[in-house]
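Here the structure is laid out as structure tokens; the discussion comes afterwards.
The values are calculated or read from the model by the stated rules, or taken from the named source; none is laboratory data. Remember, it's a predicted structure, so these values are computed and weren't measured experimentally. As a convention, Cβ positions derive from the backbone with ideal geometry for all residues, glycine included, and neighbour counts pool all protein chains shown.
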């Protein structure tokens, strides 16, 4: 079973909770909820780091990070070696992030997309494989 880490700030908390529940309907995945546990104010860099650490340690095979815009938490996650967080606004972006960029973190902006779009993004992200080929060398240049 593939473990997917979820982390957010307070603005992304409600969407995170919805997506953790939705993940269980996809069957072959287990959610690792890294917090927070409420909508009380927290700092998104702390949770972007938690997601990155879960991937780097092998506790999770992919991650979803969520803040109000998705920008701050994706920047926080991307500061860690080997992390490729992609901020996605639709399922096409999520598919291409995996297919072309071998993204291992899906970043979402809770104030910018709705629940159904977020579910579509998660579904596309998890069901798409890295295309390899001409993309491999480009991804390797990312470090």
Unique match (being outside any loop (DSSP other than H, G, I, E, B) and out of contact with any helix residue (DSSP H, G or I) (no Cβ under 7 Å at 6 or more places or on another chain)) among 106, 55: 55
Where residue 143 falls short, out of the listed (1) surrounded by fewer than 16 Cβ atoms within 10 Å (Cβ to Cβ); (2) assigned to a helix (DSSP H, G or I); (3) out of contact with any helix residue (DSSP H, G or I) (no Cβ under 8 Å at 6 or more places or on another chain): (2)
Conditions (1) within 21 Å of residue 36 (Cβ to Cβ); (2) in contact with a helix residue (DSSP H, G or I) (Cβ under 7 Å, 6 or more places away or on another chain); number of the one not met by residue 75: (2)
Residue among 76, 107, 124 that alone is buried (at least 19 other Cβ atoms within 10 Å of the Cβ), in contact with a strand residue (DSSP E or B) (Cβ under 6 Å, 6 or more places away or on another chain) and either at pLDDT 95 or above or more than 20 Å from residue 20 (Cβ to Cβ) (or both): 107
Tally, over region 110-121, of residues that are surrounded by fewer than 17 Cβ atoms within 10 Å (Cβ to Cβ), in a helix (DSSP H, G or I) and without any contact (Cβ under 8 Å) to a residue 60 or more places away in the chain: 2
Residue in region 65-80 that is more than 13 Å from the chain's Cα centre (by Cα), over 12 Å from residue 12 (Cβ atoms) and part of a helix (DSSP H, G or I) present: no
Hits in region 1-17 (condition: surrounded by fewer than 16 Cβ atoms within 10 Å (Cβ to Cβ), touching a residue at least 60 places away in the same chain (Cβ under 8 Å) and outside any strand (DSSP E or B)): 14
